[in-house]
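Below is one structure, written out as structure tokens; comments come after it.
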Amino acid sequence: MKRTTWVIVGCLVLLTTGCTQKENGDSSSKVNEPIAKQTEVVVTTKQTAITHEKDAIALVWKKIKTDKLYEWRKYDECLAFVTEDTTDANYDIGVHENHVGRCGGDPITFPIVDRFRVNRTTGNLMWYNFIDDEYVDYSQMKKVMQEIAEEQAKQKTALPKSE
């Protein structure tokens, strides 16, 4: 297992130029290089091997953007991605609030929003269920989260309006 690697990427930057980590001599120092200089970035959820950390982050970003998971975030750069763990089998990616510039919030804090696991062999995406302390299938967790959001919306409309 490799040491925890911090890769903080604003979502907007990831979509437009992105970044990847490149070895710089020894394995403990890393340098960011724009994805535009790379030849290919894997961003599909099909059964595709994910061989680079940047591809795992891109997969998570594309999926949450496509599924509009964090529409309450006004700006894409208000989310950041952190590779929390890398094993032979998976990449564990944390999604954090990024309190920079127009995002607001305390810039000293970096709270976690969600965690995802990308299987390196299959490209399968899992979503961390905080309640059960386990990763579950992305589609299953998405359905649960949609049901919670719908219930919260119903409760909001059922509240009496203050005068």
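The values are calculated or read from the model by the stated rules, or taken from the named source; none is laboratory data. Quick caveat, the model's predicted, so the values are computed rather than measured. No Cβ is skipped: glycine too gets one built from the backbone with ideal geometry, and neighbour counts run over all protein chains shown.
Quick one: which residue in 74, 62 is at pLDDT below 95 and either hydroxyl-bearing (Ser, Thr, Tyr) or touching a Leu at 6+ places or on another chain (Cβ under 9 Å) (or both)?
Values: 74 fails: either hydroxyl-bearing (Ser, Thr, Tyr) or touching a Leu at 6+ places or on another chain (Cβ under 9 Å) (or both).
Matching residue, one of 74, 62: 62.
Could you tell me which residue of the range 42-59 is modelled with the lowest pLDDT, considering only residues that are of a type in the set (A, V, I, L, M), part of a loop (DSSP other than H, G, I, E, B) and in contact with a Leu (Cβ under 9 Å, 6 or more places away or on another chain)?
Filtering the range 42-59 down to residues of a type in the set (A, V, I, L, M) leaves 42-43, 49-50, 56-59.
Now narrow it down to the ones that are part of a loop (DSSP other than H, G, I, E, B): 42-43, 49-50.
Within this subset, residues satisfying the condition of being in contact with a Leu (Cβ under 9 Å, 6 or more places away or on another chain) are 42-43, 50.
Details: 42: 40, 43: 43, 50: 93.
Only one residue fits best here, namely 42.
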Mind checking whether some residue in the range 136-145 is part of a helix (DSSP H, G or I), surrounded by 15 or more Cβ atoms within 10 Å (Cβ to Cβ) and touching a Cys at 6+ places or on another chain (Cβ under 9 Å)? no
Of the residues 90, 98, only one is touching a Lys or Arg at 6+ places or on another chain (Cβ under 8 Å), buried (at least 18 other Cβ atoms within 10 Å of the Cβ), under 30 Å from residue 49 (Cβ atoms) and of a type in the set (S, T, N, Q); which? 90
Only residues that are at pLDDT 90 or above, in a loop (DSSP other than H, G, I, E, B) and of a type outside the set (Val, Ile, Thr): list them for the range 107-117, please. 110, 111
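Residue-by-condition table, conditions (1) at positive phi; (2) modelled with pLDDT under 85; (3) assigned to a helix (DSSP H, G or I):
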residue	(1), (2), (3)
88	no, no, no
93	no, no, no
122	no, no, no
127	no, no, no
147	no, no, yes
162	no, yes, no
Pairs please, first residue from the range 121-135 and buried (at least 18 other Cβ atoms within 10 Å of the Cβ), second anywhere and acidic (Asp, Glu) and outside any strand (DSSP E or B), Cβ atoms under 9 Å, 6+ apart in sequence or on different chains. 123/55
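Have a look at 84, 77 and point out the one that is part of a strand (DSSP E or B), within 30 Å of residue 48 (Cβ to Cβ) and of a type in the set (Asp, Glu). It would help to see each step written out before you state the result.
Working: 77 fails: part of a strand (DSSP E or B).
It is 84.
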